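Input: a single structure, listed below in structure tokens.
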Amino acid sequence: MTYRSFIAVLFALALGCIANAGDGVYSIDNFTAETVPLWRSHYSKMTAKPEGAEFTADFQSNLDADRTSFDRDFDTPIDISEFSRFEIEIEVENPEAFSYSSLYFRSGDGWYRGTSAIPTRRGVMTYRRSELETEGSPAGLNKIEGVRLSLWRGQSVNSRVTYFSFRCIEEPVLFISVPNSEGVVPWVGTNNGRLIQPMLKELGLAADTIALPVNADESWFKRFDNRGAVVLVSDRHLSKELKTLIEAQAKKRGVSLMILSDDLREKPLGKPDLLAFLMQSDKLKTTIRQYMLKLATSVAGKPVPNAEKTVAEMSRVEREQGFPEFIEACLGRHDEELYKAAAPLRDSKALPFRGWWNHSGFGAYKGDWERTAAELEQAGFTAVFPNMVWSGEALYPSDLIPPSKELETYGDQLDACVKACHKHGIQVHVWKVNFNLQHRISKEYREKLRQEGRLQKDSDGEDYPWLCPSNPKNIDLEVNSMVEIATKYPVDGVHFDYIRYDGRDLCVCDGCRARFEEYIGKKVENWPRDCVKGELKAQWLRWRADLITNIVRKTHEKVKAVRPDCKISAAVFIQYPNTIENIGQDWGAWANEGIVDFLCPMNYTLDAQSYGRFYVRQKQFVKPDFPLYPGIGEWKLSPDETISQMLKANELGCPGLMIFDLTEGSAGRILPLLKK
């Protein structure tokens, strides 16, 4: 943040847009009688109450309402760029009315959007800056002009809701970096921070990340207040004078300071060294202690038996052996209890279909599909979905897709996968990334496709690195590449991913114009405005969705013609039926027409209750006996959270589930808990 933007923050604080509530908490709104009238409502009216703002979500009467939303504008843009976490305290009378929540920050010509689970009753919805996605062209987190709070429809029931507070949270650890003379932060510092964050997470901590201006004065260092520790993630570009100033300010404000000189890829920071540094702060030590005791006394969202006895035992370990030993004891106890909690999942009758997406296409251990398959079998998994092919690269010899250079070293990965997995009774469903040319493609091949006019165009007329779904050559490529897999290899299924558009405004290439005009039987006078925002919008969005459905239908017809036993499936977005208009993905129609054998909604959430609510709502859109295998985002969860969601799926009677992503790390975290 520049000095000027820091002054803007102070000005915003003075205007009351963000108020310092102390101890690292900054309030955006406490929903008082003065601020509630500032919120504009959609479908529901917000009313000021003594404790907060109350409204009723009426999904029984408003059958077309997909969510409740409230918007607030700021007189002066606010700067939230230094905060990594945002919290909204809420009470929900009937959580089943909602599937999930969204927080939008409006900036320039776009939005930053985060999602969070809905609490069971009263609780906190948390949104992390690192997980914010963009819509449109936002101007920056330092230029927030307004906010929107949305609760998305779940079941068709009503619920009273109360908002209590909306706040920005400073994390207890602060990462700072020093930009070079051109204002660029060195990559090594950014990466050092990424490597430390997971170690902090294991201790129940997190860090904010900001850049240190070269002209920083004493007022800038107020950011050190309320912190337990500060880490300068790289001393590149750090002058002697600035280093002296940082050290003096850290000492003055009573905060522990670590300055990193090394690239942690080459010289890793050990966990004992990091812990010793963090323990210099009583504040951090208390936070870690509380987190560890919580781990030792609860599992899968439930308290363990004899929790008080466990607390006494762990506290005795700390007194007699030390704090590091206390941490290890708490972690060990949690692992023991988590293994016990996972017992229902070790029953072969529970969740009969258990699949794991593998993004690398090489299994959990590169070059060793045999080990991957054996470990999956031992843990009760029944299927693997290896990402063997994109539109620009294949991990097997293909007549349609350019081969990966990795074939020279590791050979035909699809052949190795099928042989190893079938030996161990594991199904293989080959995952194909459709349309997306942003990764796993050579520059030369992407340029070839561009020159052939096969890429999408955005509303500004610029090339967009996805294949256009209306182009006949692209349709043939997507369909025939999946048919090729089913024809050449004894796979159990082929699996669509990215079988959609990447937004509402795509594609507006000349080919799409000609084909859409043929579809509606007339010329479009103002292309693409009439389609994107005008009177033809509904027809345009329906046409896009039908194009995607037609590709799924053609694939189904051709694959079943050569391999009737080969299953057709797809990874799909959560928010159906909004996916029809937003991304052209009408997966409910695919299921009900019978052109897919099962679907895998990517129900990635941190909360088991929301994971379950997603599934219950999604079942409303398909026939009762149609298999939905809801996906779990393991990469963003603790083992406890992953097992909790698997238990929720089992509790709801799901016929199966999926997990993303199978790596050596995720295998080590999850497979031992399920091994019989």
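Within segment 249-270, residues that are under 16 Å from residue 186 (Cα atoms) and in contact (Cβ under 8 Å) with a residue 12 or more places away in the chain sit with their Cβ atoms under 9 Å from residues that are assigned to a strand (DSSP E or B) and of a type outside the set (S, T, N, Q), at 6+ positions apart or across chains, in these pairs: 259/231; 259/232; 260/231; 260/232. For segment 416-434, a tally of residues being over 18 Å from residue 483 (Cβ atoms) and either of a type outside the set (Gly, Ala, Ser) or assigned to a helix (DSSP H, G or I) (or both) returns 10. The single condition among (1) open to solvent by 20 Å² or more (accessible area, probe 1.4 Å); (2) within 29 Å of residue 296 (Cα to Cα); (3) under 24 Å from the mean Cα position of the chain (by Cα) that residue 207 does not meet is (1). The residues in segment 462-477 that are touching a residue at least 24 places away in the same chain (Cβ under 8 Å) and either open to solvent by 10 Å² or more (accessible area, probe 1.4 Å) or in contact with a strand residue (DSSP E or B) (Cβ under 9 Å, 6 or more places away or on another chain) (or both) can be counted, and the count is 10.
Segment 599-676 holds helices (runs of 4 or more DSSP H) entirely within its bounds, and those carrying 1 or more residues that are more than 20 Å from residue 114 (Cα to Cα) and without any contact (Cβ under 8 Å) to a residue 12 or more places away in the chain map to 608-619, 664-674. Scoring residue 235 on the criteria (1) at pLDDT below 90; (2) part of a loop (DSSP other than H, G, I, E, B) leaves a single failure, condition (1). Filtering segment 627-643 to residues that are in contact with a helix residue (DSSP H, G or I) (Cβ under 7 Å, 6 or more places away or on another chain) and open to solvent by less than 20 Å² (accessible area, probe 1.4 Å) leaves 628, 630, 632, 634, 642, 643. Restricting segment 478-513 to residues that are without any contact (Cβ under 8 Å) to a residue 60 or more places away in the chain and not in a helix (DSSP H, G or I) leaves a set whose member that is most open to solvent (accessible area, probe 1.4 Å) is 505.
Screening residue 607 against (1) under 20 Å from residue 128 (Cβ atoms); (2) among the acidic types (Asp, Glu); (3) surrounded by fewer than 16 Cβ atoms within 10 Å (Cβ to Cβ) leaves a single unmet condition, (3).
Residue under question is residue 189, and the condition is that it be surrounded by fewer than 21 Cβ atoms within 10 Å (Cβ to Cβ), over 20 Å from the mean Cα position of the chain (by Cα) and not basic (Lys, Arg); does it hold? It is false that residue 189 is surrounded by fewer than 21 Cβ atoms within 10 Å (Cβ to Cβ), over 20 Å from the mean Cα position of the chain (by Cα) and not basic (Lys, Arg). Of all the numbered requirements in (1) part of a helix (DSSP H, G or I); (2) crowded, with 21+ Cβ neighbours inside 10 Å, residue 151 misses one, and that requirement is (1).
Being under 16 Å from residue 362 (Cβ atoms) and either in contact (Cβ under 8 Å) with a residue 12 or more places away in the chain or not β-branched (Val, Ile, Thr) (or both) is a description that applies to residue 416.
If you go through segment 119-148 and keep only what is within 17 Å of residue 40 (Cα to Cα) and surrounded by fewer than 17 Cβ atoms within 10 Å (Cβ to Cβ), you end up with 145, 146.
The values are calculated or read from the model by the stated rules, or taken from the named source; none is laboratory data. Just so it is clear, the model here is predicted, and its values are computed rather than measured. Positions of Cβ are backbone-derived with ideal geometry, glycine not excepted, and every protein chain shown enters the neighbour counts. Ligands, DNA and RNA are excluded from the accessible area calculation, which covers all protein heavy atoms including side chains. Shrake-Rupley method; radii C 1.70, N 1.55, O 1.52, S 1.80 Å.
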